[in-house]
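> Dropping a structure here in structure tokens format, bear with me for questions.
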Amino acid sequence: MGMEIERRFRVANDGWRGLAEGVRYRQGYLSVEKERTVRVRVVGEQAWLTLKGHVTDVSRHEFEYAIPLADAQTMLDRMCPMVVDKLRHRIEHGGFVWEVDEFFGENAGLVMAEIELPAEDTPFDKPAWLGEEVTHDGRYTNAYLSKNPYTRWPQE
């Protein structure tokens, strides 16, 4: 059984820009319930079907399977009313890889950073461009953003 242990943060400034090239991700959701999420993802010429099950706010069971690109594109176009479009930058820092996601479309203006860890209590060095941790705020999951885009949130 796969397990994903991940922490999420807002990005505080542009200090991350230029550290890594971005790769476009397009992902749609068939289910966005907290207990289970089913996602179709296309990155370049590759595609995956991913199932996630809630364990804690930091940990989830994760099962990911490669699927034919044409199948994924059909699913995105015809079966996934909730789609997230973003550019992902993979940045090495302190022995870990940070994934910085710059969102587009209805989530434009949101920039997030995620780190995957071997255990929930693993210590890690935070880059200077990192902002507030939002791991425990479900609004910042891609599944939630697909249904409730950032540009529709009330301004804080």
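> Which one of A113, A143 is modelled with pLDDT under 95 and either surrounded by fewer than 13 Cβ atoms within 10 Å (Cβ to Cβ) or under 26 Å from T56 (Cβ atoms) (or both)?
Of the residues listed, the single one that is modelled with pLDDT under 95 and either surrounded by fewer than 13 Cβ atoms within 10 Å (Cβ to Cβ) or under 26 Å from T56 (Cβ atoms) (or both) is A143.
> Considering only residues that are within 21 Å of I5 (Cβ to Cβ), over 14 Å from the mean Cα position of the chain (by Cα) and open to solvent by 50 Å² or more (accessible area, probe 1.4 Å), which ones fall in segment 78-96?
Passing the criteria: E92, H93, G94, G95.
> Next up: Is it the case that segment 40-61 has a residue that's farther than 21 Å from E116 by Cα and surrounded by 15 or more Cβ atoms within 10 Å (Cβ to Cβ)?
no
> Then there is this: Which of the numbered conditions does A72 fail, given that it passes all the others? Conditions: (1) small (G, A, S); (2) part of a helix (DSSP H, G or I); (3) under 21 Å from P149 (Cα atoms).
The one condition A72 does not meet is (3).
> Given K86, K126, which one is assigned to a loop (DSSP other than H, G, I, E, B) and modelled with pLDDT of 95 or more?
After applying the criteria, what remains is K126.
> Another question, if that's okay. When the residues of segment 2-39 are filtered to those that are part of a loop (DSSP other than H, G, I, E, B), in contact with a strand residue (DSSP E or B) (Cβ under 6 Å, 6 or more places away or on another chain) and open to solvent by 50 Å² or more (accessible area, probe 1.4 Å), which remaining residue is modelled with the highest pLDDT?
A12
> Just to be sure, is T135 open to solvent by less than 30 Å² (accessible area, probe 1.4 Å), assigned to a loop (DSSP other than H, G, I, E, B) and within 17 Å of H61 (Cα to Cα)?
yes
> What do you reckon, is T56 outside any loop (DSSP other than H, G, I, E, B), hydroxyl-bearing (S, T, Y) and touching a residue at least 40 places away in the same chain (Cβ under 8 Å)?
No.
The values are calculated or read from the model by the stated rules, or taken from the named source; none is laboratory data. Predicted, not measured: the structure shown is a model, and the values here were computed from it. In this analysis, Cβ positions are derived from the backbone assuming ideal geometry, glycine residues included, and neighbour counts consider all displayed protein chains. Surface accessibility is based on the protein's heavy atoms, side chains included, excluding ligands, DNA and RNA. Shrake-Rupley method; radii C 1.70, N 1.55, O 1.52, S 1.80 Å.
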